[in-house]
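Below you'll find the structure, written out as structure tokens, and then a few comments.
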Amino acid sequence: MTFPEEEVRELSRLFPGTQQSDEGGADYFLLPQLLLPAGRSPERVDALLCPKGRDGYPSRLFFAEIVASPVARNWNGVRILERNWYAVSWRVREGLRLAQMVRAHLDALR
Amino acid sequence: MIDLGPIDEPADFGRPFAPLWGRVRLRIPRPLFELMQADLSRPHPFAAERVGFLSVATGTSDDDLLVLAAEYHTIPDEHYVESRGAGARIGSQAIRATMQRIYDSGRGVFHVHMHEHHGIPGFSPTDSREQPRLVASFRAANKSIPHGMLLLSRDQANAWVWAPREVEPVVPNSISIVGYPMSLIAPQDDGFVNRLRTKVRETEALPRYVRQTFLGRDAQKIIERTRIGVVGLGGGGSHVVQQLAHIGFKQFRLFDGDKVDDSNLNRLVGATAADVELKTLKTDIAQRVIRSIAPGADVRAFSDRWQSNPGALRSADVVVGCVDSFAERRELEVACRRYLIAYVDIGMDINEVQGEAPRMGGQVILSLPDTMCFFCMGFLNDARLAKEAALYGAAGGRPQVIWPNGILGSTAVGVIMDLITGWAGQPRRPIYLSYDGNANTLVPHVRLKYLDTTACEHYVGTRVGDPTFRHIE
């Protein structure tokens with residue numbers, strides 16, 4: 001799967017150190033030490049963006065650890081690219097640019 | 001045998017030497033193994049034999065360095081150079097292209113050639129003198145990845161591997177050709193020097209296994225050297241480990257985080273009422289069952305999810321998945337594809353519909369690298385995974401009974417036995433068996449009739465080993 005080059009560049013500019021990989025036919029962007037919304041614990045965590053559909057969600061953002069937030073969320077664990085990740089059940093709308101997707105998923109932690 | 005073109009010869013090479021046995025497992029998908037054989041068997045306009053290069057990825061495991069065959073590169077006819085006294089001489093162009101590939105891909109390279117006979121091939125004095133010089137060049141390009149030399153025969157293989165940053169090569173403790181049938185080659189056990197010792201051991205072991213000698217002359221040796229991972233030690237997994245221990249398997253990696261409760265006693269082989277009182281771990285029960293049959297077995301049990309101990313799973317040659325959810329099956333298959341492990345999945349379910357008899361169904365599926373995966377076979381699909389995700393993976397508490405567990409577990413063992421020994425002489429075909437517990441039948445799944453390919457479009461054969469990421473500039 002290819003993504004518009006300007007979207008990938010924008011993602012990389014906003015989230016320095018972004019890396020790309022794929023597994024089982026799905027593409028992923030690794031966002032090292034992603035800064036989380038203020039007051040969350042931890043403050044930064046590695047995150048993995050899955051921009052295309054997975055498990056019935058149009059896109060997903062996985063975190064390397066469970067993030068404490070004021071609103072209790074239902075966290076689930078998955079294993080992707082030989083690493084354990086966690087995600088909340090959070091649906092964002094389709095048609096977003098890659099960077100917008102990340103922002104929209106982070107709203108789940110606000 | 002290869003006669004090298006002009007390259008710098010390091011001072012420590014240029015002599016034949018005997019490498020040490022090493023903790024390296026080399027895995028090659030059977031389709032790739034056969035592709036190399038086909039290429040190397042082709043006559044060349046003037047060279048007596050052909051050579052090729054195999055790109056390899058690495059994997060980390062608890063026990064050994066995993067060296068995983070990823071991609072074969074043939075050498076064009078015009079890159080051979082006429083030479084007297086050498087089976088094959090390749091020009092600098094082919095070597096430069098290979099060096100460039102090492103730089104570009106970050107993957108190790110093995111020099112490959114073939115001896116046209118059966119059995120474990122041995123490197124000739126010329127091979128062991130000349131090929132290390134070539135490998136030295138590969139190591140100069142990148143020392144942090146393994147390189148080596150691979151020798152094929154018509155049915156076996158041998159190799160020397162230079163592990164990262166090691167100066168001397170080692171012979172892998174296993175070379176597996178992963179496919180149907182699966183070959184598990186242990187060059188150190190099968191080499192000429194050890195044949196007599198092995199023969200004595202086989203004779204000693206004979207009484208226990210005298211009723212299963214139809215599996216093949218070397219079957220017991222293969223069984224002993226096959227490392228099995230079992231994920232999930234409930235109803236299905238408990239049957240699997242018990243049977244494997246009886247057959248003579250000696251190496252187990254077990255994964256289950258659960259303790260026995262009263263509701264398990266209707267089906268969990270080896271569990272007792274006392275275990276319920278003591279809240280015994282399922283891994284402890286499996287170990288107890290195995291060790292009561294095979295006291296000396298190498299059993300490593302993890303009372304946790306396999307995802308917390310991935311290195312132990314990767315070291316297995318065959319994994320049996322007895323898990324509840326589709327998501328877990330996907331994760332296991334991904335890991336097995338990545339590390340070139342044969343994966344056998346079993347599962348059952350009972351659906352109760354108002355006004356009808358409950359429907360009992362199940363499956364046994366064999367997933368092998370470079371062949372159809374669960375998605376190709378239609379066992380997994382996005383809708384099924386989405387439906388399960390909507391329930392947050394809740395799969396516990398569903399009806400389970402012992403007899404379908406036994407049928408499916410036994411069938412999984414049967415699939416493994418044929419896979420590693422080839423005793424049944426079955427044609428190569430996908431294995432997706434469908435169980436109907438109401439009719440008491442286990443037959444090839446109807447979907448197989450409508451699949452017109454055995455290739456996998458989801459897992460690319462070159463994507464093996466520890467994951468790699470591309471930095472975005």
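Values quoted throughout were computed directly from the atomic coordinates according to the rules given, and no laboratory measurement underlies them. Every value quoted in this text rests on a predicted model; they were computed, and no experiment measured them. Cβ: placed from backbone, ideal geometry, glycine included. Neighbour counts: every protein chain shown.
Of note:
- For region B:226-450: rounded, prolate or oblate by the Cα gyration tensor [a/c cutoff 1.5]: rounded
- Converting the Cα gyration tensor eigenvalues of region B:340-446 into ellipsoid dimensions via √(5λ) gives semi-axes, longest first, of 26, 18, 12 Å.
- Bins of 10 Å from zero: percent of alpha-carbon pairs in region B:325-365: 25, 38, 23, 11, 3
- Rounded Å value of the spacing that divides the Cα centres of region B:338-370 and region B:250-288: 22
- J(HN,Hα) series, region A:36-50, from Karplus relation 6.51 cos²θ - 1.76 cosθ + 1.60, nearest Hz, glycine and proline x: 8, x, 3, x, 7, 10, x, 6, 10, 7, 5, 9, 10, 8, 10
- Legend: translational diffusion of chain B by Stokes-Einstein, Rh = Kirkwood radius over C-alpha pairs, 37 °C, 0.692 mPa s; D = 138 µm²/s.
- Rounded, prolate or oblate (a/c below 1.5 giving rounded, otherwise prolate when a/b exceeds b/c) for the protein assembly as shown by Cα gyration tensor: oblate
- Gap separating the Cα centres of region B:301-315 and region B:405-473, nearest whole Å: 22
- 20 Å cut-off, amide nitrogen to a point 7 angstrom out along residue B:218 Cα→Cβ, residues in region B:401-425: B:416-425
- Convex hull volume per residue for chain A, taking Cα atoms only, in Å³: 94
- Near residue B:242: Cβ cut-off under 14 Å, other residues only, Lys/Arg at +1 and Asp/Glu at -1. The net charge is +4.
- Couplings for region B:94-109, taken from phi via the Karplus curve 6.51 cos²θ - 1.76 cosθ + 1.60 with θ = phi - 60°, read 5, 6, 4, 4, 5, 4, 4, 4, 5, 4, 6, 9, x, 10, x, 10 Hz in order; Gly and Pro are left as x.
- Label-point gap, in nm, between residue B:124 and residue A:6 - each point 7 angstrom along Cα→Cβ: 6.3
- Taking Lys and Arg as +1 and Asp and Glu as -1, the other residues whose beta-carbon sits under 13 Å from that of residue B:465 total +3.
- Computed over the Cα atoms of region B:2-190, the ratio of the radius of gyration to the Kirkwood radius (Rg/Rh) comes to 0.93.
- Inter-centroid distance (Cα atoms) of region B:374-391 relative to region A:20-75, Å: 21
- Three-way shape label, region B:98-137, alpha-carbon gyration tensor, a/c 1.5: oblate
- Residue-averaged [θ]222 nm for chain B, counting only DSSP H segments that reach four residues, each worth -39500 (n - 2.57): -9500 deg cm²/dmol
- Residue by residue, region B:449-456 carries 3J(HN,Hα) couplings of 4, 9, 9, 9, 9, 10, 7, 9 Hz when phi is fed to the Karplus relation 6.51 cos²θ - 1.76 cosθ + 1.60 (θ = phi - 60°); x denotes Gly or Pro.
- Among B:368, B:379, B:426 the positive-end extreme of the charge dipole of region B:327-473 (Cβ point charges): B:426
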